[in-house]
Amino acid sequence: MKKSLALKEHSTSLSIILRIIDCLGLLSAGLLSYWLRFSSLSLDLTYKNVLLLGVLLGAASLSFFGAYRAWRGASFTSEIRCVLSATLTTFLLLIISGFVTQSSDLFSRIWVVSWLCTSTATILSYRFLLRKSLGALRAKGFNIRSVIIIGDGELAQQVLERLKQHPEMGLVVKGILSTQDQAIDKHEINSVPLLGTLNDLDKIVKNHKIDQVWIALPMSEVQKMEQVQSALSNTSIVIRMVPDIFGFRLLNQSMTEVAGLPVINISTSHMLEGKNRFLKSLEDKILASIILLLISPILVALAITIKLTSKGPILFKQYRTGANGQDFKVYKFRSMVVHNEEDGKVTQATKGDSRITPIGAFMRRTSLDELPQFINVLQGRMSIVGPRPHALAHNEHYKTLVESYMRRHMVKPGITGWAQVNGFRGETDTIDKMENRVEYDLYYIENWSVWFDLKIIFLTIFKGFIHKNAI
């Protein structure tokens, strides 16, 4: 788990580093072009303003065209198209803004064209070097993803061979699962171990710490594909299908390309795509910073009141399941007296619960106990809007009782959510209540947009904080 978490933190850090380098690349390319054009670096105010605007537009365009999405396995040609689209859009917007503000005569067109060429070359050059460096590290076993392949036919063997030919992608095949009802006599296929059959899938994924499951079956094996989805419905494992493109015609599906193979994503969310991930993160950071600044007097007042009215810490910290099934510590104001629970057991609060302090009852009714979670948002562990995080013991209990329960953990948990503003909050003492909550959470994941988030935040202000189901 620690290794997986480190890899995800590495990916986030790499994205931030790329953004910084891109901005520096745009800035340095602009300065170089100015020096080549005028043999001087003494920029007047007009050129300084244009340079700053170009860097900002460039950063936004690169994000919009997906320059910071995961490029593992994608061809460099795809990245070239992305960067070219972003830089061309940036300078087109610069030219348009010059005409609109009637300031285009104040700066050199030759400088703009030179800036376009040098910035494109700069960004592509360092990205090419970065690809080569990451490829070399992955080939040596760093920053890898563990994969198992479902299928023992010709297609599965082709997929296996292709992945083995590209160690720079960091996709390591841990084994193959047969689709036969009983294990076949072979112990390995092309020097990769045969781990078992589909009946063993759930156990194998856990034991081998698998990150991705690739389905390499002919389209006639629909029931086997459904069996895979069903077996992994209570996990946050990435599921990919490699279609036999000779056997059927591809339709309008969500697809990526890995090692030249068309891969259909059948278990993902568009919230996780490059520009959407960036927009969601930007939304969280900006809103959380503003909200924390506004509510800081309330936080101080509640902290003092808690400390003066009962013994124990001000904050209650508990491990919850976050994005991609990774555990993290969630922060809440302590609303109960300090007590001990049996190992692995979490007793939900109920109405009239004697453990709840007087100030705790007020905070729970008004959701004020959840305000410290805006710190979790700034840490990048939560979002303002998303499925509410449940206690680990609750996840273990419900994941086998509620279909697709663990799919909630494909994205970051939220302080508020679509389920909460629709009344599904508080104690979940029946399966029906949890099923309804999960249904609304999955609807949110499937239909996410920035506007949907803003709608949920707006509804939370008016009916999400105080509700009859709150305890």
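The values are calculated or read from the model by the stated rules, or taken from the named source; none is laboratory data. Nothing here was measured: the structure is a model prediction, and the numbers come from that model. Because the Cβ atoms are built from the backbone with ideal geometry, glycine has one as well, and the counts that use them run over all protein chains shown. Ligands, DNA and RNA are excluded from the accessible area calculation, which covers all protein heavy atoms including side chains. Shrake-Rupley method; radii C 1.70, N 1.55, O 1.52, S 1.80 Å.
Numerical summary
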read-out	value
Answer from LEU93, LEU7, LEU41, LEU18 - the residue that is modelled with pLDDT of 85 or more and either over 25 Å from GLY380 (Cβ atoms) or part of a helix (DSSP H, G or I) (or both)	LEU93
Every residue from the stretch 358-393 that is of a type outside the set (A, V, I, L, M, F, W, C), surrounded by fewer than 18 Cβ atoms within 10 Å (Cβ to Cβ) and more than 21 Å from ASP327 (Cα to Cα)	PRO358, ARG365, THR366
Close pairs (8 angstrom Cβ cut-off, 6 or more residues apart or separate chains): open to solvent by 20 Å² or more (accessible area, probe 1.4 Å) in the stretch 439-452, of a type in the set (Asp, Glu) anywhere	VAL450/GLU283
Set ARG131, ARG127, ARG69: member being within 20 Å of ARG19 (Cα to Cα), surrounded by fewer than 18 Cβ atoms within 10 Å (Cβ to Cβ) and within 24 Å of the chain's Cα centre (by Cα)	ARG131
So THR428, is it open to solvent by less than 20 Å² (accessible area, probe 1.4 Å), modelled with pLDDT under 90 and under 30 Å from LYS275 (Cα atoms)	no
Residues being part of a loop (DSSP other than H, G, I, E, B) and under 21 Å from ILE239 (Cβ atoms) - total across the stretch 144-166	5
Qualifying positions in the stretch 407-425 - charged (D, E, K, R) and either surrounded by fewer than 17 Cβ atoms within 10 Å (Cβ to Cβ) or not in a helix (DSSP H, G or I) (or both)	LYS412, ARG425
Any hit, the stretch 50-64, residues being under 19 Å from PHE128 (Cα atoms) and part of a loop (DSSP other than H, G, I, E, B)	no
Residue check for ILE96: within 25 Å of ARG19 (Cβ to Cβ) and open to solvent by 30 Å² or more (accessible area, probe 1.4 Å)	yes
